[in-house]
Amino acid sequence: MQENYKPLAIEQEVQAAWEVSGVFNVSESSTQPKYYCLAMFPYPSGKLHMGHVRNYTIGDVISRYQRMLGKNVMQPMGWDAFGLPAENAAMQHGVHPADWTYSNIDYMRDQLKRLGFGYDWNRELATCDPQYYKWEQWFFLKLLNKGLVYKKTAPVNWCPHDKTVLANEQVIDGCCWRCDTPVERKEIAQWFLKITAYADELLSSLEALDGWPEQVKTMQVNWIGRSEGVEMNFPVPDSEPVSIYTTRPDTLMGVTYLAVAAEHPLALKAAASNADISAFIADCKMMETSEAAMETMEKRGIDSGIKALHPITGEPVPVWIANFVLMGYGTGAVMSVPAHDQRDFEFALKYGIAIKQVVFAKDGEVADDCSEQAYTVKGVLKNSGAFDGLTSEQAFAAISEALEKDHKGQRKTNFRLRDWGVSRQRYWGAPIPVIYCDDCGTVAVPEQDLPVELPKDVVLDGSQSPLVGHPTFSHVACPSCGKDAHRETDTFDTFMESSWYFARFAGNNPDSMLDESAKYWLPVDHYIGGIEHAILHLLYARFYTKLLRDEGLLVCDEPFKKLLTQGMVLKDGSKMSKSKGNTVDPQGLIDQYGADTVRLFIMFAAPPEQSLEWSDSGVEGAFRFLKRLWKQAYQHSETGGSTVPLDKQALTEQQQTVRRSLHLTIQKVTDDFGRRYTFNTVIASNMELINTLAKFVDDSDNAKAIRQEALEAIVLMLSPIVPHICHQLWLDLGHQQAVVSASWPEVDMTALAQDTLELVLQVNGKLRSKIKVSVTATKDEIEAMALNDEQVKRFIEGKPVRKVIVVPNKLVNIVV
């Protein structure tokens, strides 16, 4: 064994050995129980940042630990390769998006290999590969045929700079998350997946996800937003009635106006003869549609001049056009009850609309007047005609029944969840496989013509998608009648690719989307990724899994059994973000200290779910610890200790103590790995054990055997975190088989047995001494020994002992 730790040489040699042996390549033929561990795959931006390193180190640590437990572990890697950033980078650098993307993939793949991650590279995929998105197109057409896909015109967040639709979450403070351009509201035709058809199941099946953080499940529950309410019609003379949905029918008798969206038919009717209304509607189109913006923006409106009729009283109700109502949400109209909704209250005060209170406190003691703010809690009805005296709960049923009896409304379960818009108006994405024919309408691309590939001969100038004017892509013959037709030039939202990639990793069968291998591997046993993906990506992946199940391609209901959402990597208190340029390049650290040091630091600095504060000194500290571990192993090997057997019957008290510390550490670390996932405490416990060994000054044969046993256990326990150094140390400790194929260390329960215990002695809560007592000592015997301790006597001399408190196995506190 060489005396000094040389990480770069070791790591290169170990990684080469892994590659030659193909040790991480797995198949479905194994007799071992399967374990599928997956970290969210990266966008190939060009370089890894420390957020990547943390995410993938966590996944690799879990994978290696499960492998040591005897599992058939699959850990794949691929690339979320489509998206607008590649298109923008291509324009900036004068290269094709494919060239830019694949060049980045090559560089980042080398970085991942350099960090020693145990991936089955035979399963690598890139979502921009036509053989990947071919099956996405195929599946889309299956869903179209089942009625789960449709196209409609809808208001969207539109970035005029990037010329594309943005999801609500991609709008930050009213601006595009990529380019900071103010976002506009625009009406365009889009393709939608009918996720709302699965809303009930998406909600109810969350209960079975015991391995998910409660925070994430709560976020999804809120996003799906199931509610019980009533849908009713307000008749409008000479027009279609206004349909609204409310969860508070008990407030129906307090309606003083209706609010409709700027795109609502009544609004457009009013605008046709009123220039002010027309101008107001035009202003509304310049506003974004995110919920956060709707909450904070100034609430504005204009009276349409149209009157609707109250469904129970028949009284006229003014219809206002309001900027806080969207056509894409619900019916595009809401009933407004200023006395019992704060937004409606503020709007009514602003425009001088009547406020009519109909719900009051049950006990009459709680302040319930509506002079300064809305009274939003439930109570007892007044000013409500036949419904006076009913509680809100009773009124819900009574008013619902009255509406249903008169055919003016019905109870209905609604969801906050909206259908998933999957159209994007840019080039670098999977083409949507439909063709438009003047005679035949919307026609699916025939299966034999899939994939519909992106043309490579395009010019990217940012003015519009190059697919729109492309001579051979856009203009095609209709598959049904053969006449001139044109392709859909929108491409899929990149969430489409990331919503099923985990299933495709199971096997890249060129003849099918998924095969029996997917049924073997799925669901994913442990999924790792950032909390920022807690809603959309995870929800879409869950939805896609249910779609694949219903098509017979999967047998599981949920994609991920366990979910670990790791915290951010921070530097100087700021999130490391490639968009802001605040990054630490892992490559320089790997070149300086080695991959194991980087892995050790990033696992030691904080528990996985918490944010990690970057520290250069912390990296140096991690390197020093690895050198200390190497030194301990080197010094041991120089004594020839690896060949000495352990005689358990001849252990001294000190040897028993050291060995007990060893097996207590194994016991604790096993729990930290397998249940708690607190890898920082795994490292801390092994650091303590190394310190114990350093203080263990004993050259006897039994001491050498204990040191050998301890070093082997430390190497095994740390090998998932720092696999390269542990590979070499395992060989240097006398083993022929590589540590990557070794089993997890077992606890020797006999080593944990104790004849004596050390107890802390306190006087009035302050530490004064320590004693050793027999494990069979009684409370009275322990008290007597404590009172007779020489150090204790000094502090209680001349003072009456008021109480002696014995805490079993821990301490004795003498109160004077």
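Readers should treat all values here as calculations from the given coordinates under stated rules, not as data from a laboratory. All values derive from a computational prediction rather than experimental measurement. Cβ: placed from backbone, ideal geometry, glycine included. Neighbour counts: every protein chain shown.
Points to keep in mind about this one:
- Its residue count N fixes a reference of 2.2 N^0.38 Å for the chain, and the Cα radius of gyration divided by that reference is 1.21.
- Centre-to-centre, using Cα atoms only, region 171-204 and region 717-757 are separated by 51 Å.
- DSSP-defined antiparallel bridges as percent of all bridges, the chain, nearest 5: 75
- For region 136-196: rounded, prolate or oblate by the Cα gyration tensor [a/c cutoff 1.5]: prolate
- If the chain linking Asn4 and Gln654 were pulled fully straight, counting 0.36 nm for each residue of separation and taking away their Cα-Cα distance, it would gain 231.0 nm.
- Calculated FRET efficiency for the pair Gln448/Ser243, C-beta based, R₀ 35 Å, to 0.05: 0.20
- Residues with amide H under 5 Å from that of Thr756, placed H, sequence gap 5 or more: Val775
- Helix 723-732 and the long axis of the chain differ in direction by around 20°, with both axes built from C-alpha atoms.
- Computed from backbone phi with θ = phi - 60° and the Karplus coefficients 6.51, -1.76 and 1.60, the 3J(HN,Hα) list for region 138-155 is 4, 5, 4, 5, 4, 5, 4, 5, 8, x, 9, 10, 8, 10, 8, 7, 8, x Hz; x is used for glycine and proline.
- Estimated distance in nm for a label pair at Arg675 and Ser29, the labels positioned 7 Å out from Cα along Cα-to-Cβ: 3.9
- Sites Asp701 and His735, calculated FRET efficiency, Cβ-Cβ separation with R0 30 Å, nearest 0.05: 0.90
- Look at the Cα gyration tensor of region 1-127: its axes a ≥ b ≥ c give a/c of at least 1.5 with a/b at or below b/c, and that counts as oblate.
- With Cα atoms defining each centre, region 647-668 and region 141-162 are spaced 66 Å apart in the structure.
- Relative intensity, log₁₀ I(q)/I(0), of region 728-816 from a Debye sum that treats every alpha carbon as a point, q = 0.16 Å⁻¹: -0.65
- For Asn72, residues with placed amide H under 5 Å, excluding near neighbours: Lys34, Tyr35
- Sites Ser463 and Ala189, calculated FRET efficiency, Cβ-Cβ separation with R0 25 Å, nearest 0.05: 0.80
- The mean sequence separation of alpha-carbon pairs under 8 Å and at least six residues apart, normalised by the residue count of the chain, gives a relative contact order of 14 percent.
- Spin-label zone in region 532-569 - amide nitrogen under 20 Å from a point set 7 Å from the Cα of Asp515 along the C-beta vector: 548-549, 551-556
- Cα-projected label distance for Asp363 with Asp616, points at 7 Å along beta-carbon direction, nm: 6.3
- The chain, helix-only ellipticity at 222 nm - DSSP H runs n ≥ 4, -39,500 (n - 2.57), divided by all residues, nearest 500: -11000 deg cm²/dmol
- Label-point gap, in nm, between Glu790 and Lys47 - each point 7 angstrom along Cα→Cβ: 6.4
- Across region 76-88, computed HN-Hα scalar couplings (Karplus, 6.51 cos²θ - 1.76 cosθ + 1.60, θ = phi - 60°) run x, 8, x, 9, 7, 8, 7, x, 5, x, 5, 5, 5 Hz from first to last residue, x flagging Gly and Pro.
- Extension reserve of the Ser371-Glu551 stretch, reckoned as 0.36 nm per residue once the Cα distance is removed: 59.1 nm
- Leading residue at positive end of dipole, the chain (Cβ point charges), from Val815, Val236, Ala753: Val815
- Per-residue HN-Hα couplings for region 534-541 [Karplus 6.51, -1.76, 1.60; θ = phi - 60°; Hz; x = Gly/Pro]: 5, 9, 5, 4, 5, 5, 5, 5
- For trypsin sites (Lys or Arg not before Pro), the sites in region 664-743 that DSSP calls loop and that have at most 16 other Cβ atoms within 10 Å are Lys695.
- Protection proxy ranking of 517-524, 594-601, 716-723 - average other beta-carbon atoms within 10 Å, highest first: 594-601, 716-723, 517-524
- Cut-off under 5 Å, modelled amide H: who pairs with His486 long-range: Tyr436, Val476
- Using alpha-carbon coordinates, inclination of helix 97-114 to the longest axis of the chain, degrees: 20
- In degrees, nearest ten, helix 275-284 long axis to first principal axis of the chain (Cα): 10
- Contour excess over end-to-end distance, with Cα ends at Gln592 and Thr153 and 0.36 nm allotted per residue: 152.5 nm
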